[in-house]
Amino acid sequence: MSANEFYSLNVNGETMSVQDSWVGESLLYVLRERLGLPGTKGACEQGECGSCTVLMDGEAVCACLVMAATAVNSEIVTVEGITTDSELTDVQQSFVEEGAVQCGFCTPGLIVAVHHLLGKNPQPSEFEIKEAISGNICRCTGYGRVFAAVEATIRSRNDSK
Amino acid sequence: MAKSSLVTKPRDILGNSALRPDGAHKVQGSFEFTSDLHAENMLWGATLRSPHPYAKIVSIDTSAALALSGVQCVITADDVPGKPTYGLISSDQPVFAQDFVRYMGEPVAAVAADHPETCRRALALITVVYEVLTPLTDPEDAIAGSFAPIHPDGNVIRHQRIIRGEQSISGPIVVEGEYVIGMQDQAFLGLEAALAIPDPDGLGLHLHVATQWLHEDLTQISACLNLPADKIRLTLGGVGGAFGAREDISLQVHCCLLALKAGRPIKMQYSREESFFGHVHRHPATIFMRHHADSNGKIVKIDARFVFDGGAYTSTSPAVLINGITHTQGPYKCDNATVDGYAVRTNNPPCGAMRGFGVVQACFAHESQMDKIAAAVGKSPVEIRLINAMVTGDPLITGQIMESVAPVARCITETDAIPLPELMGQTVNELSLPGGSGLTASRSNIVRGIGWGVSMKNLMYSEGFDDYATARCTLKDGIASLKFATSEVGQGFVTLAPQIARSVLGVDEVILEPIDTQIGSAGSTSASRQTWMSGGAVDGACRLVRERLFHHVGLMHSIDPIRLVIDGTDVIDQLGTFRVSVADASEGIEISETFEHHHRATEELDENGQGNCHTAFAFVAHRAVVDVDPELGLVKVVQIATAQDVGRVLNPLSAIGQVEGGIAQGLGLAVMEEIVMKDGKVRNPSFTDYLLPTALDAPDVVAVMIEEHEPQAPLGAKGIGEPPCISVTPAIVAAIRNAIGKNIERIPVRPQDICL
């Protein structure tokens with residue numbers, strides 16, 4: 001197979017070089033298999049489930065739908081880049097404490113999606129929360145604990161103001 | 001001066017909401033799922049699957065695929081060194097199809113190559129010549145014998161009757177219906193994945209796999225590879241949900257065969273489309289039920305006929321059938337019954353375990369019937385269920401006595417006491433209307449309905465199967481280590497097991513050793529059984545260790561060990577003042593004990609379906625409130641109220657998570673989830689076409705946990721995984737019927753079932 005593409009991606013603030021790759025590889029594949037960032041998960045390959053949600057120039061996108069080679073001029077943030085040093089973010093802490101994590105496969109995508117939501121809209125209504133994460137399918141929790149985690153994060157941010 | 005208060009965090013013992021030990025890794029993306037595993041020098045494996053539901057294989061030519069640069073090897077049925085077939089109950093499913101393919105998606109060959117794209121191209125270069133045959137797709141043809149056997153074992157997988165009480169008895173009220181249940185997919189998010197690493201000597205291997213039951217996989221893999229079990233080690237890779245779909249073999253044997261042939265590590269992971277073909281589904285079923293009742297609506301007799309479509313291979317169909325027919329009565333008293341049940345073979349996809357395991361199908365039928373009886377005698381859905389509610393000590397239609405705690409009436413009344421949601425105002429957020437973000441519904445068209453569902457579900461395995469669980473506990477320097485082979489699929493056994501150790505041993509630090517086959521079997525993570533079974537094993541091992549610790553402390557301090565108990569994190573003398581911390585008491589010593597937990601014995605059913613076939617039962621009630629747009633056929637589930645018989649809540653956070661998650665899956669079966677079949681072909685193998693509940697579909701869940709400790713259960717707790725998804729489905733359908741006044745006997749309820 002011709003695997004001779006060379007390019008660089010800006011991921012989590014670092015320039016990362018992609019070598020000997022096939023041009024057809026998705027951003028999801030390149031992040032996971034070439035750049036050592038397996039936190040982004042693949043579960044549908046069609047942009048339906050949101051497990052592979054990453055931020056691309058500040059927008060939440062499905063990495064499975066992005067050709068990696070087209071992302072060369074974008075700033076990409078994955079779940080690994082959401083966490084600063086080894087501490088959990090308030091969103092991550094709430095997910096653990098409110099029981100929003102079961103099998104955890106959808107979790108990285110949800111973490112990115114919730115950070116994206118609260119970054120753009122710090123006081124979302126119930127429906128704005130539901131709509132914002134309706135592109136992230138969770139098969140385990142039925143979403144109740146996920147809503148609780150988002151609400152707990154908002155409460156703690158309001159309390160610390 | 002403000003009063004100072006010392007806030008102590010409650011210890012993470014039983015009854016408290018201990019947090020998942022893997023939670024931090026999961027939210028950071030650093031938890032290692034099986035699909036995240038890598039090995040040096042690794043190749044990728046992929047599977048070629050049949051495009052036909054039924055065909056004779058005339059020839060397979062792999063030469064062009066082998067010649068492709070980057071391809072290491074190609075394997076077919078000829079490369080299986082051991083048993084050519086596998087299966088959980090009957091070994092009737094080929095590792096690779098040899099002479100015939102019997103369902104669309106059946107594996108025919110597999111390749112190993114340097115890149116997933118090379119694999120894809122290599123599969124396209126394998127030429128299989130098929131002689132396409134007419135598939136058997138109607139289960140009734142299998143029963144009638146009107147179709148030539150599609151498998152050497154015949155077209156009927158199992159037939160079982162239940163004959164109980166007076167056969168000719170009837171009552172003034174007779175209601176009947178034929179209920180159709182569509183094929184549901186487990187749709188776990190973490191796709192099938194495995195990494196097989198051959199031993200340097202090529203005589204064995206290590207398989208990392210996402211599975212529900214390591215030891216059962218090991219037994220089946222070992223037979224197919226013709227390798228002794230001690231040459232194969234299985235380690236649980238991170239599992240992204242299971243719900244029954246990982247109980248059967250999928251890619252395990254293929255991955256091992258490729259690794260042994262290539263002499264290099266092989267990673268396999270299915271795509272979503274392949275996953276729809278790669279695992280068994282929930283059985284589609286057709287259930288006829290006729291209830292005879294007295295003029296008060298008390299059940300006199302039930303006649304029923306069950307047909308489960310098992311698809312091409314047996315999987316767990318015989319057990320699903322038995323679960324279905326033995327739950328014909330639901331959680332209600334019934335002395336007389338005539339039940340006929342079939343699980344049949346067709347050229348549809350193989351069906352097997354999914355959360356609820358045969359009882360989901362039975363419950364949709366019996367709960368629909370209860371509402372028909374209620375309507376016939378002029379009683380409410382709650383009244384009809386209360387006057388028929390089963391209690392402990394009642395005989396079942398199998399003759400088995402209900403020995404479990406059976407708070408059926410309490411489940412119903414406590415659900416009924418949960419306040420109904422507010423009526424929809426004239427101005428509402430459009431997203432809350434049926435159709436949601438489609439913005440198609442108009443507020444003025446919406447009608448509301450309320451419906452009920454109540455269920456009984458057996459726990460653990462049945463029919464004489466001893467599905468024991470094993471655990472080892474080691475105490476050293478105040479730290480407990482636990483070893484078990486229990487599959488953690490997301491349910492939270494890794495949270496519960498340390499809670500047990502902390503409660504029994506008075507330790508705070510608990511280490512979980514790798515989950516693998518280096519200890520005895522834990523049985524499957526299914527049948528709502530691991531809290532009871534592996535929980536019982538961990539509890540037993542910890543108690544044995546505690547006994548030896550007391551003996552040691554007694555010797556050291558000249559106290560009769562019988563006087564010693566654990567108090568918090570100390571060992572104390574109940575009759576004196578002696579007190580020593582568990583950490584100090586266990587300093588410098590190591591105590592290790594292994595315990596197997598077995599549940600009570602069960603029996604097979606006789607020819608009339610009589611016998612003590614089940615181990616224990618759990619109950620739950622659901623009340624659904626729905627908004628329906630009758631013109632567009634759209635449904636929004638507004639609220640689910642539920643009271644569940646759990647025995648004892650061991651971790652409130654885990655418990656509510658199971659309840660809410662199960663309800664979402666039952667909602668999916670009620671109104672959206674179905675694998676659509678046509679002539680044996682799957683028409684919607686993707687998340688674009690197979691719809692799953694999203695955050696906008698999630699109803700408000702109001703749950704009550706009914707805690708009446710179950711004396712048979714080692715921790716007093718019943719399994720809680722399956723009941724939430726069982727009776728919620730008929731409750732939602734009943735609410736739809738209630739809203740639109742139309743009888744619907746098929747799930748999932750499609751828009752055309754409502755509006756046409």
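Taken together, the values in this text are just the output of simple stated rules run on the coordinates, not laboratory data. In this text, all values refer to a predicted model and were calculated from it rather than measured experimentally. Note that each Cβ is placed from the backbone with ideal geometry, even for glycine, and that neighbours are counted across all protein chains shown.
For region B:311-377, what does the alpha-carbon gyration tensor say about shape, rounded, prolate or oblate, given a ≥ b ≥ c as the root eigenvalues, a/c under 1.5 as rounded, and a/b over b/c as prolate? Numbers along the way, then the final one.
Values: a/c = 2.52, a/b = 2.22, b/c = 1.14.
Judged from the Cα gyration tensor, region B:311-377 comes out prolate (a/c at least 1.5, a/b above b/c).
Once the convex hull of the alpha carbons of region B:206-266 is built, what does its volume come to per residue, in cubic angstrom? All intermediate terms of the calculation are to be shown ahead of the outcome.
Values: hull volume 4.5 nm³, N = 61.
About 73 Å³ per residue, rounded to a whole number.
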| query | Over all residues in A:39-52, what is the mean tally of Cβ atoms on other chains that come within 10 Å of each residue's Cβ? | reply | 6
| Rounded to 5, percent antiparallel among DSSP beta bridges of the protein assembly as shown | 80
| Efficiency of FRET between B:Ser59 and B:Gln712 - r from beta-carbon atoms, R0 56 angstrom, step 0.05 | 0.45
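Restricting things to alpha carbons, find the Rg to Rh ratio for region B:60-115 using the Kirkwood radius for Rh. It would help to have the intermediate numbers written out before the result.
Values: Rg = 13.0 Å, Rh = 12.6 Å.
Computed over Cα atoms, the ratio is 1.03.
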| query | Could the peptides A:143-156, B:182-195 be put in order, highest first, of the mean number of other beta-carbon atoms found within 10 Å of their residues? | reply | B:182-195, A:143-156
| Förster-model FRET efficiency, 41 Å R0, B:Asp99 and B:Gln518, C-beta, rounded to 0.05 | 0.60
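Give a quick list of GluC sites (Glu not before Pro) in region B:142-180 that DSSP marks as loop, anything other than H, G, I, E or B, with at most 16 other Cβ atoms within 10 Å. Write down the numbers at each step before the final one.
Details: sites: B:Glu166, B:Glu176, B:Glu178; in loops: B:Glu166.
Passing sites in region B:142-180 are B:Glu166.
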| note | Full extension between B:Glu178 and B:Thr413 adds, at 0.36 nm per residue less the Cα distance, a length in nm of 81.7 nm
| PRE reach from B:Glu131 (point 7 Å along Cα→Cβ): which of region B:76-112 fall under 19 Å by backbone N? | B:97-103
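With a cut-off of at most 14 other beta carbons within 10 Å, and DSSP calling the residue loop, which GluC sites (Glu not before Pro) in region B:563-609 qualify? Please list them. Let's see the in-between values first.
Numbers: sites: B:Glu587, B:Glu590, B:Glu593, B:Glu596, B:Glu603, B:Glu604, B:Glu607; in loops: B:Glu587, B:Glu603, B:Glu604, B:Glu607.
Here the sparse-neighbourhood loop sites are B:Glu587, B:Glu604, B:Glu607.
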| task | Run the numbers on chain B and let me know its relative contact order in percent, using alpha-carbon pairs under 8 Å that are six or more apart. | result | 16
| remark: Quick calc: nm separation of the 7 Å Cα→Cβ label points for B:His557 and B:Leu439 -> 7.2
| note | With no solvent term and unit scatterers on the alpha-carbon positions of the protein assembly as shown, Debye gives log₁₀ I(q)/I(0) at q = 0.04, 0.07 Å⁻¹ of -0.18, -0.57
| request: Classify region B:448-592 as rounded, prolate or oblate, taking a ≥ b ≥ c as the square roots of the eigenvalues of its Cα gyration tensor: rounded when a/c is under 1.5, otherwise prolate if a/b is larger than b/c and oblate if not. | output: prolate
| Just for chain B, what percent of DSSP beta bridges are antiparallel, to the closest 5? | 75
| note | For region B:1-143, Rg(Cα) over 2.2 N^0.38 Å is 1.73
| What per residue convex hull volume, in Å³, do the alpha-carbon atoms of region B:285-416 yield? | 106
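Size of the dipole of region B:513-639 about the Cα centre, Lys and Arg at +1 and Asp and Glu at -1 on the beta carbon, nothing else charged, in debye to 20? If you can, show how the numbers build up before the last one.
Working: 9 positive and 20 negative charges, 68 e Å.
For region B:513-639, the charge dipole is close to 320 debye.
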| Where does helix A:107-120 land angle-wise versus the long Cα axis of chain A, in degrees 0 to 90, nearest 10? | 70
| task | Could I have the simple spin-label model distance between B:Glu383 and B:Asn296, label points 7 Å from Cα toward Cβ, reported in nm to one decimal? | result | 1.2
| note | Expected sort for B:His614, B:His551 with the fewest Cβ neighbours (10 Å cutoff) up front is B:His551, B:His614
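Find the percent of Cα-Cα distances in region A:90-159 that exceed 17 Å, and round it to a whole number. Before the final figure, lay out each step's value.
Numbers: 729 of 2415 pairs.
Counting pairs separated by more than 17 Å, the tail of P(r) holds 30 percent.
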| note | Cα-only Rg/Rh for region B:108-247 with Kirkwood Rh rounds to 1.10
| message | Using only the alpha carbons of chain A, what is the convex hull's orientation-averaged projected area in square nanometres? | response | 9.6
| When the convex hull of the C-alpha atoms of chain B is computed, what volume per residue in Å³ does it have? | 194
| Taking region B:257-299 as the region of interest, what is the percent of Cα-Cα pairs per 10 angstrom bin, listed from the shortest bin to the one with the maximum distance? | 19, 19, 20, 12, 12, 10, 7, 1
| request: Mind grabbing the base-10 log of I(q)/I(0) for region B:113-180 at q = 0.15, 0.17, 0.19 Å⁻¹? Debye formula, identical points on the C-alpha positions, no solvent, two decimal places. | output: -0.85, -0.92, -0.96
| field | Label-point gap, in nm, between A:Lys161 and B:Asp700 - each point 7 angstrom along Cα→Cβ | value | 2.5
